[in-house]
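Student: Have a look at this one.
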Amino acid sequence: MSAPNSVVWSSEEDRVFENAIAMLHCIDDSKEQWQKIALMVPNKTIEELKRHYQLLVDDVTAIENGYVPIPNYSVDENRHGHSRVSTGNWQSNGNGFAATAQYQEKRKGRPWTKEEHRDYTSLTLSRLARDSARVSSLTAMLQLSRTNFTRSDLKPVRTMLRPEEIQTPITSGSNQGSGEYFARLGVGEPSKEFYMTIDTGSDINWLQCEPCYQCYQQTDPLFDPSDSSTYNLVSCDSPECSALDGSSCSIDSCMYQLSYGDGSFTIGELATETVSFGDSGSLSDVAIGCGHDNEGLFIGSAGLIGLGGGSLSLPSQIRASSFSYCLVDRDSDTSSTLEFNSAGPSDSVFAPLLRNSRRNTFSYVGMEGISVGGEMLPVPSNIFQMDDSGSGGVIVDSGTTVTRLQSSVYDSLRDTFLKYAQNLPSAEGFVLFDTCFDLSSMRSVSVPTVAFHFAGGKWLPLHAKNTLVPVNSSGKYCLAFAPTNEPLSIIGNIQQQGTRVSYDLTNNLVGFSLDKC
């Protein structure tokens, strides 16, 4: 994007401006909103900001009118430390943030309105802004846990027989404008199915309920507990209520309140209910939050399935011996599965599954190093380890989009990647990405292979689509990693897409198997 000749914008001002738009999500052209943006972008007048924004809108208009083609990249791995990306038909690539299926559908038919162009422009930015908020929230939870111990020694809230293999479909939420992944879960008796966000960084299961005092828009009808014969409120002195980090009492009923890093929250009553997994089985007396006040950026889904290590998470409550999921490409309309108690693929690359004694929610993985193009990064292996205070380490998180690495590790990865990617034309950074490329004119691209290395000499090579992601519709791709000043590193869902991630809870192992969706 180029600024008017009379105004010079630095790349940093561009990034700040894009972040400001992302935080507001969409522009209603009100004076108050432009004043807010002006406070975030110093040294620019409101008129300059409006002109700069209009240029961005014009760029998107050109793309959507077909003046700038969108390449469809496929991946061909080789044995020389590189992945090859080849262009096919000029259409949505299905690998990244910018073009979800609902927007692609609009391209095929009626002309876009000005408001739709603006919403499309801010979609990528808002997802990245929310992703940064989530990372901040995860690190804040760990910092709090280091000063206040959680109830890590709680036993499962119910003594239940370990069920047989059960599974349910999992899909990308992009078709509904969400950057999350949804599983299909039945709730109540008779069972009614709901799309619910899966989250390995949370322990509490909850969904929106009638009567709803404040609810966001979801795809399915709201759950009405009065329609279910198996809905039972949880008492204040129950172990389930005691397991909550934050709870209160209302006429001897346990109330819960959860807040998230992006400002979203849910408030309601804790109950036990029957949950069903398609035709594969159902389980009774599962603790689940019934939210009557739910606000924020929960788009499309009816609620959340907690897959963390705490006592209230779904795997803990059903005493699962294992669970696994495979995340399809973000803009794909295909589905995969969320599975419990099934054996992981035999070709999985296994790494130690570790827990933090100060907070048992997160799934840490025993990582020893990272290589790029076959070259190990020159960083000490202990930089990936958790210390005795519970600080540091590497977690696998389904809800974080972009992998975060400590700054020194990221700098080494970026510099090594650039050394092996000198054939790629560079482009300006984008929001939290500082390493981007303009691939719009290229038919075939050789990409250095990034690989995670685990204990015992095990290593996981990433596909090209897990390394470079499109950030707009004009062929701009960025290295899908970002630095963090926090000691905690996070393997995000871009790097997990197309890989079945298995959690062996009996043997404390995490398995990764490519192309097992």
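Student: Can you name the condition, by its number, that ASN472 falls short on among (1) farther than 19 Å from LEU327 by Cα; (2) assigned to a helix (DSSP H, G or I)?
Tutor: So ASN472 meets the others, but not (2).
Student: For the range 306-328, name all the residues that are among the hydroxyl-bearing types (Ser, Thr, Tyr) and open to solvent by 10 Å² or more (accessible area, probe 1.4 Å).
Tutor: Initially, the range 306-328 is screened for residues among the hydroxyl-bearing types (Ser, Thr, Tyr), giving 311, 313, 316, 321-322, 324-325.
Hits for the range 306-328 are SER311, SER316, SER321, SER322.
Student: Would you mind finding the one in VAL379, VAL409 that is part of a loop (DSSP other than H, G, I, E, B), under 19 Å from ASN485 (Cα atoms) and not polar (S, T, N, Q)? Talk me through it step by step, then tell me what you get.
Tutor: Working: VAL409 fails: part of a loop (DSSP other than H, G, I, E, B).
Within the list VAL379, VAL409, the selection yields VAL379.
Student: Another question about this same structure. Exactly one condition in (1) within 29 Å of VAL275 (Cα to Cα); (2) surrounded by fewer than 23 Cβ atoms within 10 Å (Cβ to Cβ); (3) modelled with pLDDT of 95 or more is false for LEU338; which is it?
Tutor: (2)
Student: Does VAL409 satisfy being open to solvent by less than 30 Å² (accessible area, probe 1.4 Å) and more than 26 Å from GLU180 (Cβ to Cβ)? Steps first, please.
Tutor: On the way: open to solvent by less than 30 Å² (accessible area, probe 1.4 Å): yes; more than 26 Å from GLU180 (Cβ to Cβ): yes.
For VAL409, the condition - open to solvent by less than 30 Å² (accessible area, probe 1.4 Å) and more than 26 Å from GLU180 (Cβ to Cβ) - is met.
Student: Now a separate question. If you go through the range 371-383 one residue at a time, do you hit one that is within 15 Å of TYR503 (Cβ to Cβ), open to solvent by less than 20 Å² (accessible area, probe 1.4 Å) and hydroxyl-bearing (Ser, Thr, Tyr)? So that I can check it myself, show each step before the final result.
Tutor: We begin by selecting, within the range 371-383, every residue within 15 Å of TYR503 (Cβ to Cβ); these are none.
Among the residues of the range 371-383, not one is within 15 Å of TYR503 (Cβ to Cβ), open to solvent by less than 20 Å² (accessible area, probe 1.4 Å) and hydroxyl-bearing (Ser, Thr, Tyr), which makes the answer no.
Student: Only strands (runs of 3 or more DSSP E) wholly contained in the range 317-362 count here; list those with 3 or more residues that are farther than 30 Å from GLY177 by Cβ and touching a residue at least 12 places away in the same chain (Cβ under 8 Å). Before you say what the answer is, go through the steps one by one.
Tutor: Values: elements: 322-326, 335-340, 349-356.
Because the criterion is at least 3 residues that are farther than 30 Å from GLY177 by Cβ and touching a residue at least 12 places away in the same chain (Cβ under 8 Å), the strands (runs of 3 or more DSSP E) in the range 317-362 that meet it are 349-356.
The values are calculated or read from the model by the stated rules, or taken from the named source; none is laboratory data. Note that the structure is a prediction, hence the values are computed from the model and not measured. Every residue, glycine among them, receives a Cβ derived from its backbone with ideal geometry; neighbour counts consider all protein chains shown. Surface areas here come from the heavy atoms of the whole protein model, side chains and all, with no ligands, DNA or RNA. Shrake-Rupley method; radii C 1.70, N 1.55, O 1.52, S 1.80 Å.
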